[in-house]
Amino acid sequence: MNPVSKYSAQMVRALSITFLYALFCSTPLFAQVSKTENDYYKMVTLPIPEGVVLEVGGLDVLPDGQLAVSTRRGDIWLIKNPYMTGPAKPQFKRFAHGLHEALGLAYRDGAIYAAQRSELTRLRDLDGDGRADRYETVYTWPLEGNYHEYSFGPLFREDGTMIVTLNLAWVGYGASLSKWRGWMLEISPDGEMTPYATGMRSPAGFGLNTDGEVFYGENQGDWIGSGYITHVERGDFVGNPAGLRWTGLPGSPLKLKPEGVPDSGLPMVEVAAQVPELKLPAVWLPHSIMGISTSGILADTTKGAFGPFAGQLFVGDQGQSKVMRVFLEKVNGVYQGAAFPFRDGFSSGVLRMVWGKDGSMFVGMTSRGWGSTGPAPYGLQRLEWTGLTPFEVLSVEAKPDGFELTFTKPVNREIAADLSSYHITGFTYKYHSTYGSPIINQETGVVRGVKVSDDGLRARIVVDGLRKGYIHELKLTSMRSSGDEPLLHDVAYYTLNEIPSGPRLELKPEQKERPKTEAKSGKAAKPQSKRVTSMPADWTGGPDATITIGTKPGLQFDLPTFDVKAGSRLKLAFDNNDDMMHNLLVVTPGSADKVGEKAIALGLDGPGQNYIPALDEVLFHTVLLEPGTMEAIFFTVPDKPGDYVYVCSFPGHSFTMRGIMRVVAR
């Protein structure tokens, strides 16, 4: 072969390789895939022995590394090797049994403490065989026997003082039927009780921040428009008035009575101006967007062993089987801050979290009767940081004229300097005796200026339209890191209780005039063929069949399945006889998961759309119904036989609240 021919052959081979490489890399198989939560925080599931019903109520790690777990069935288990090091599986040993729904557990000075329905109990192993020999009552409280009278704790302070919380009963509304229900109590090591604060409805989760201050988490309900976490100090009234009936008793740090709380439906911040005792939440967790049932609170004390969020709080959600992240700051002596998504997809409803000795997070779960997106009835998982740092908004701090965002990695400066990269929406909820609340007073903030720090880790934004006492959604969908990574989570919800003083950001001349925005015209109503609430005029003789569906506890329809003939005329009545809002959607076979996920993704637009996504897979639907209301819809059953699922698409409900309309051939 002559040199020219040899050179030509080499060039052809090189060009061929280059072409093939370019071709392969442009295909989906070789395309760069965005990282997911699992790339940064890996879930490890602990195997549970057959016969052990581990409906987790409490968690703690003992000095010898064992994991102690209390359960709703009244057992306490000790688990050796919960980290599953080496070939050995975790070993379970029952430490105690016969307790009454132990929904909390803590270790202190050689003893395990657990809150039962009616008492705080200390359990000791006197002979060292790994089983409790002595059950001692530290303090007891009365019960009326209502199923909703849960008790939680204890939480130990540094000085050995314990904190417990007592759930309200449920009688169609939250009620304090027995003394101190709806209260946080402080109990000394020798069993002396001091009433600490009230206004709590369902205080399943509470914990200390890194400064040793108490925060508790609340669940949506009467007087509670959405879940939140609140900094609790002695004498605080934090929202639900039912527990105020006991403020006349000796030791009460408050004198406020239930009738002193107006049921006006005004935003909570406006009622707080009338009722000085009312403590505003430090951080709201927008209902269905960030969670539906707030649970455990765990401060990151791992000093970096769990990633870049040292000092922040992790907050569990039982209904949506997730853990959220909260950044806190103090402004004018008041706590406020931002809530972020963190880790989704746990196997059951997240109730408790505790740090392992290696800096991993143990997560204990249960769903019986309460429902959760995680389908398992209970579970125990461990969350490990993989060592990779996600591109996230690390913190949001309030400024006199807006916010300053700090990122975990340098941002793309061009994108971060673009005002259109930031979308701000303010909103709040009604404060009233009705269960829950719609989003109200929603307004868009105008971003007028931005300054990116030289290192690319911070962006200071100037925002018009900020309101004290309101939640502010910050959406950063287009933000990228300097390495072109998208944000792992592109949204934050900042609760602005106070606006700090200080210097304002100097704006460019063209930014000093507030940009004019065109008023948004209302969208034209879509045809309501998917929701026909009156019998069609051409249905002479009425429907071929009438089906009525109600609800059962635990996010269930009371009719799991029914048969109907293809092409027949159906009247489907949905009776929402539950204590929370639901809708009913009939969807195409195999599409229920997609519909549920799209309903969650509606975010702030969800309430206005009845949490019904605009999908072809949604065939027929009711509106979102308040508790105790009913709606009937009329439609012609599809001609194609099959299993058509009916589902409630309210966020967090769709994965459990389902039934099947079996369409059979004529």
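Key figures
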read-out: Residue satisfying condition, being under 22 Å from the mean Cα position of the chain (by Cα), surrounded by fewer than 22 Cβ atoms within 10 Å (Cβ to Cβ) and not in a helix (DSSP H, G or I), within set 207, 235; value: 207
read-out: Residue among 393, 363 that alone is touching a Leu at 6+ places or on another chain (Cβ under 7 Å), within 30 Å of residue 64 (Cβ to Cβ) and not polar (S, T, N, Q); value: 363
read-out: Set 180, 246: member being in contact with a helix residue (DSSP H, G or I) (Cβ under 7 Å, 6 or more places away or on another chain), over 24 Å from residue 267 (Cα atoms) and of a type outside the set (Asp, Glu); value: 180
read-out: Options 130, 182, 191; residue that is surrounded by 17 or more Cβ atoms within 10 Å (Cβ to Cβ) and of a type in the set (Gly, Ala, Ser); value: 182
read-out: Scope region 600-616; condition modelled with pLDDT under 90 and not in a loop (DSSP other than H, G, I, E, B); matching residues; value: 600, 601, 603, 604, 605, 607, 608
read-out: Per-region count, region 238-265, residues of a type in the set (A, V, I, L, M, F, W, C) and assigned to a helix (DSSP H, G or I); value: 3
read-out: Near pairs, Cβ below 6 angstrom, 6+ apart or cross-chain, from region 639-662 (at pLDDT 95 or above and aromatic (Phe, Trp, Tyr)) to any residue that is crowded, with 24+ Cβ neighbours inside 10 Å and in a loop (DSSP other than H, G, I, E, B); value: 646/584
read-out: Residue in region 296-308 that is in contact (Cβ under 8 Å) with a residue 60 or more places away in the chain, of a type outside the set (Phe, Trp, Tyr), surrounded by 18 or more Cβ atoms within 10 Å (Cβ to Cβ) and within 25 Å of residue 470 (Cβ to Cβ) present; value: yes
read-out: Yes/no for residue 122 being in a loop (DSSP other than H, G, I, E, B) and touching an Asp or Glu at 6+ places or on another chain (Cβ under 7 Å); value: no
read-out: Filter pass, residue 467 being more than 26 Å from residue 268 (Cβ to Cβ), modelled with pLDDT of 95 or more and among the basic types (Lys, Arg); value: no
read-out: Matching residues in region 617-635 - criterion: being of a type in the set (D, E, K, R) and not in a strand (DSSP E or B); value: 617, 626
read-out: Region 349-360 residues that are closer than 16 Å to residue 70 by Cα and crowded, with 21+ Cβ neighbours inside 10 Å, paired with ones that are of a type in the set (Val, Ile, Thr) and modelled with pLDDT under 95 (beta carbon under 9 Å, 6 or more apart); value: 349/373
read-out: Selection status of residue 180, in contact (Cβ under 8 Å) with a residue 60 or more places away in the chain and in the same structural domain as residue 69 (by TED's automatic domain parsing); value: yes
read-out: Residues (outside any strand (DSSP E or B) and closer than 20 Å to residue 226 by Cα) located in region 172-204; value: 172, 173, 182, 199, 200, 201, 202, 203, 204
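Each row is one residue, and each column tells you yes or no for (1) free of Cβ contacts under 8 Å to residues at least 12 places away in the same chain; (2) of a type in the set (A, V, I, L, M, F, W, C); (3) closer than 24 Å to residue 352 by Cβ.
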residue: 199; (1), (2), (3): no, no, yes
residue: 204; (1), (2), (3): no, yes, yes
residue: 207; (1), (2), (3): no, no, yes
residue: 235; (1), (2), (3): no, no, no
residue: 247; (1), (2), (3): no, no, no
residue: 254; (1), (2), (3): no, yes, no
residue: 272; (1), (2), (3): no, yes, no
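The values are calculated or read from the model by the stated rules, or taken from the named source; none is laboratory data. Because the structure is predicted, anything quoted here is derived from the model rather than measured. Positions of Cβ are backbone-derived with ideal geometry, glycine not excepted, and every protein chain shown enters the neighbour counts.
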